[in-house]
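The values are calculated or read from the model by the stated rules, or taken from the named source; none is laboratory data. Given the structure is predicted, the values throughout are model-derived calculations rather than measurements. Heads up, the Cβs are rebuilt from the backbone with ideal geometry, glycines too, and the neighbour counts pull from every protein chain shown. Protein only, heavy atoms only, side chains kept; ligands, DNA and RNA dropped before computing areas. Shrake-Rupley method; radii C 1.70, N 1.55, O 1.52, S 1.80 Å.
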Amino acid sequence: QVQLVESGGGLVQAGGSLTLSCAASGRTFINYAMGWFRQAPGKEREFVAAISWSGLTTNYADSVKGRFTISRDNAKNTVSLRMNRLKPGDTAVYYCAAKYGLPTISSSYDYWGQGTQVTVSS
């Protein structure tokens with residue numbers, strides 16, 4: 001079936017930048033909305049950013065607005081999350097997700113990747 005694989009996580013100092021990538025396989029996701037979520041130890045999974053299938057509509061959590069940018073390349077079936085001015089509070093496992101429909105902020109997405117760790121040191 002559909003598989004989503006994240007990459008690009010790592011260790012970075014506060015104020016630094018990191019770019020996460022998500023590669024989709026198994027089906028064509030040109031008509032799917034894509035999202036990024038994250039989960040820190042002991043906390044619930046939270047919404048980070050989402051983008052419509054066309055790329056014309058984006059949504060961001062208030063905590064990352066102005067710092068993170070989501071983009072997609074439908075020809076390559078990839079979605080990216082550019083993270084700038086990272087803070088220790090951004091430390092979490094980041095997950096890529098896909099769904100048919102609108103790029104909602106809820107976690108009701110159909111497909112999920114395995115996650116990639118992002119650690120921001122102070």
Under a point-charge model restricted to the Cβ atoms of Lys and Arg (+1) and Asp and Glu (-1), what is the dipole moment magnitude of the chain relative to its Cα centre, in debye to the nearest 20?
180
With a cut-off of at most 13 other beta carbons within 10 Å, and DSSP calling the residue loop, which trypsin sites (Lys or Arg not before Pro) in segment 53-111 qualify? Please list them.
65, 76, 85
Share of pairwise Cα separations in the chain, more than 21 Å, in percent:
30
If the reach is capped at under 27 angstrom between alpha carbons, list the lysines near residue 76, excluding any in the same chain fewer than eight residues apart.
65, 99
In the Gaussian network model of the chain, springs joining C-alpha atoms below 10 Å, which of 70, 51, 105 carries the largest mean-square fluctuation?
105
So which residue, out of 103, 88, 41, gets the largest mean-square fluctuation from a GNM of the chain using Cα contacts under 10 Å as springs?
41
Trypsin sites (Lys or Arg not before Pro) within segment 1-44, DSSP loop, no more than 12 other Cβ atoms inside 10 Å
43
Under a Cβ-only charge scheme (Lys and Arg +1, Asp and Glu -1), can you give me the dipole magnitude of segment 30-90 about the Cα centre, in debye to the nearest 20?
180
Mind listing the phi-derived Karplus ³J(HN,Hα) values for segment 57-74, rounded to whole Hz, using 6.51, -1.76 and 1.60 with θ = phi - 60°, and x for any glycine or proline?
10, 10, 10, 9, 5, 4, 5, 10, 4, x, 10, 10, 9, 9, 8, 9, 10, 5
With every protein chain kept in place and ligands, DNA and RNA left out, what is the accessible area per residue of the chain? Probe 1.4 Å, answer in Å².
52
Can you work out ³J(HN,Hα) from phi for every residue in segment 39-47, in order, using Karplus 6.51 cos²θ - 1.76 cosθ + 1.60 and θ = phi - 60°, giving whole Hz and x for Gly and Pro?
9, 8, x, x, 10, 6, 5, 10, 6
Farthest toward positive dipole pole in the chain [+1 Lys/Arg, -1 Asp/Glu at C-beta], among 107, 84, 21:
84
Tell me, what ³J(HN,Hα) does each residue in segment 96-112 have, in order and in whole Hz, if you take phi through Karplus 6.51 cos²θ - 1.76 cosθ + 1.60 with θ = phi - 60° and put x for Gly and Pro?
8, 9, 9, 8, 8, x, 7, x, 6, 8, 6, 8, 7, 9, 7, 10, 9
Subtracting the Cα-Cα distance from 0.36 nm times the residue separation, let me have the gained length for residue 69 to residue 117 in nm, one decimal.
15.5 nm
Would you mind telling me which residue in 86, 18, 56 has the biggest mean-square fluctuation in a Gaussian network model of the chain, where springs connect alpha carbons within a distance under 10 angstrom?
56
